[in-house]
Every structure is written in C-alpha cells, then in structure tokens.
Amino acid sequence: MKFIEEVVVEEFLPTFRSMLAEALRDRGLTQHEVAEALGISQSAVSKYAHGEVARRGEVLDDERVVELVERVADGLATGDMSRVQALVEAEVLVRRLEQGDLLAQLHEESMPELAAYDGYARIHDPESGLRTSEQVRSSLRQALRRLTNASGFAGLIPNVGSNLVECLPEATSVDDVAGVPGRIVDVKGRATVPGDPEFGVSEHVASVLLSARKADSDVRAALNVRYDQQIVADLESAGYDAVEFDPDAPTDPIREAIEERGPDSLSSTFVCYQTGGFGIEPITYVLGPDADAVVTAVKTLLGR
C-alpha cells in the first residue's frame with residue numbers, strides 16, 4: 001500500500017526542488033540564499049546542483065510545473081513572493097496534479113490496482129483565503145517597489161505619511177485590507193517603507209477604500225498623497241476623474257460624494273480629495289482596481 005503523499009515526497013518533490021534550486025541559481029542567488037529560500041540545507045542544494053538527485057522526466061517535462069517553477073523563482077528572487085505564498089502555489093498545483101492527473105498516474109504506476117478507479121476525491125480549494133491574501137500582499141510588494149523607486153515620490157508624501165493599501169475581493173473591514181505597517185514616510189528625500197505589507201494595519205487609508213466600496217465602486221486599492229490644486233488638475237488631465245468631499249460631513253463623506261457623482265460615471269481609477277478643515281490636513285486619495293493601477297496614476301505626477 002502506497003499513499004499518494006508518498007508519491008509527492010519521493011517522486012515529485014525532489015524533482016520540483018531541484019528545478020527550483022536551479023532556477024534560483026540562474027537568477028544569481030548564492031547556494032546559501034537558495035537554501036534559505038527553500039528551507040533546506042546547503043548540502044541538499046549542492047546535491048541538486050551536481051545532479052546527485054534522481055529526477056522524474058514526467059515532472060521535468062510538465063509545462064505547468066515548469067511555469068510554476070519560473071514564476072516562483074522570479075517571486076522569491078525579487079522578494080515579491082513570500083515563502084508562504086510559494087508554498088501555497090506549489091500545494092495548489094500538487095492538489096490539481098493529484099486529481100486524475102500527473103501524480104495520480106505516478107500513483108497508479110506504484111499501485112496498479114488504482115487504475116480501476118476514476119480518480120481521487122480531494123478537498124483542496126485553489127481559491128482558498130490564504131492563497132488570495134498572499135496574492136494581495138504580493139501585489140502590494142510589487143507596487144511598492146515601483147512607487148519607492150520612482151524619483152520624486154517622496155515629495156508627494158503628506159505630513160501624516162502615505163499608505164498604499166489593497167483589499168480582498170469581498171472586503172468588509174480593515175482586517176480585510178493589507179497595507180504598510182506604520183506609514184510610508186519621507187526620510188531625507190527618500191520614500192521609506194518600514195515593513196512588509198500586512199492585513200489590518202491601516203485604519204485611515206483602509207477606511208477610505210472601504211467607504212468608496214460601500215458606494216458600489218469596484219476599487220480594491222488606494223494611496224494617499226498630499227493635496228494641492230495642481231496635483232488634482234494633473235491627474236484629471238491624465239484622464240482620471242476627481243471627486244471632492246467634505247471632511248467635516250457628519251456621516252460618511254467619501255461614500256456620499258461618490259454616490260452623488262455616480263460610481264458608474266467614474267473612471268476605473270479615480271481621485272477623491274478634500275481641501276482641509278479645522279485641524280484636518282488636505283489630502284488627495286487615488287483609488288483603483290489594484291495597487292499597480294494606483295501607482296501608475298500617481299507616477300503620472302512625477303513626470304511633470
């Protein structure tokens with residue numbers, strides 16, 4: 001009797017890890033860095049590098065495995081993908097390959113009796129909450145790198161600091177919104193991000209995003225920058241609609257302003273702004289379908 005999990009460990013995993021180790025080395029990572037990224041010993045990496053680990057041709061030649069190896073290697077090498085997300089992505093592929101696919105075929109080779117059955121009933125959801133949340137964090141990492149590498153962005157950071165946030169598809173609370181812990185701040189003319197994106201760490205910008213969504217807007221990301229008339233004018237000139245709201249309104253000013261304008265009449269990425277109030281700094285918010293779209297809009301300001 002042989003479990004399919006044994007096939008994964010004995011037949012799939014050595015080949016997959018060797019492919020991933022090779023791909024990471026091709027991207028310039030040292031043997032030590034590869035070992036850290038994969039959570040294995042340097043001696044194991046050395047064995048993979050010197051061909052001392054047997055590899056299954058069926059796994060090597062599977063296009064889905066090759067695509068995942070390249071995508072995970074890119075994400076781990078750049079830091080856009082966490083080890084948790086890499087594990088989840090690999091687990092999702094493994095579960096798919098178990099369901100009457102490559103791993104099921106390898107399992108049948110070791111257990112010929114299985115050929116008489118139609119396959120496996122598995123409960124592994126590729127759209128799990130964990131996978132989705134890691135994808136949101138990955139989206140933020142990529143967008144933050146674009147933003148902080150952009151010359152001049154530090155000059156757009158307001159006194160209260162900036163934050164870039166993105167939410168889960170069905171977000172209803174700040175715990176469903178990922179952002180920068182603390183805030184993006186200007187340190188000697190350079191935009192500085194204090195930590196890796198996390199869920200539930202942004203009250204202010206997350207609340208703005210949630211308010212816009214309550215107005216039936218499809219936005220899932222937001223970023224705040226400083227306000228002046230020219231910033232809003234330049235964003236409008238670039239094709240982004242702008243909505244002014246009253247920060248002193250008693251209920252939900254952003255939601256009310258968007259509903260009054262009509263969310264269907266707004267561009268997919270748009271601007272909400274307020275010109276200040278008693279003890280309130282004027283702020284511009286850029287909202288869009290994802291963090292990348294928001295950063296793209298803000299970067300139009302840097303070429304002025």
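Remarks
- Rounded if a/c under 1.5, otherwise prolate or oblate - the chain, Cα gyration tensor axes: prolate
- Computed extension length for SER237-GLN99: 44.5 nm, one decimal, from 0.36 nm per residue of separation with the Cα-Cα distance subtracted.
- Fewest-first sequence of ILE254, ILE40, ILE283, ILE157 by Cβ atoms within 10 Å of each Cβ: ILE40, ILE157, ILE283, ILE254
- Take every pair of alpha-carbon atoms less than 8 Å apart whose residues are at least six positions apart; their mean separation over the length of the chain yields a relative contact order of 13 percent.
- Cβ-based exposure ranking for VAL160, VAL201, in which fewest neighbours within 10 Å come first: VAL160, VAL201
- Full-stretch length increase - ASP218, SER267 - with 0.36 nm per residue and alpha-carbon distance subtracted: 16.6 nm
- Separation of alpha-carbon centers, the stretch 205-236 and the stretch 19-63, rounded to whole Å: 44 Å
- Ranked MET111, MET19, MET81, MET1, criterion: other C-beta atoms within 10 Å, fewest first: MET1, MET111, MET19, MET81
- Length added when fully stretched, VAL160-ARG146, from 0.36 nm per residue minus Cα-Cα: 2.9 nm
- Global geometry of the stretch 136-303, whether rounded, prolate or oblate, following the gyration tensor of its Cα atoms and the 1.5 cut on a/c: rounded
- Translational D in µm²/s for the stretch 1-60 (Stokes-Einstein at 37 °C, 0.692 mPa s, Kirkwood Rh from C-alpha pairs): 276 µm²/s
- The stretch 26-105: C-alpha gyration tensor shape, a/c 1.5 cut-off, then a/b vs b/c: oblate
Read-outs: derived from the displayed coordinates by stated rules, not from any lab. All figures in this text were calculated on a predicted structure; none of them were measured in a lab. Glycine also receives a Cβ, built like all others from the backbone with ideal geometry; neighbour counts cover every protein chain displayed.
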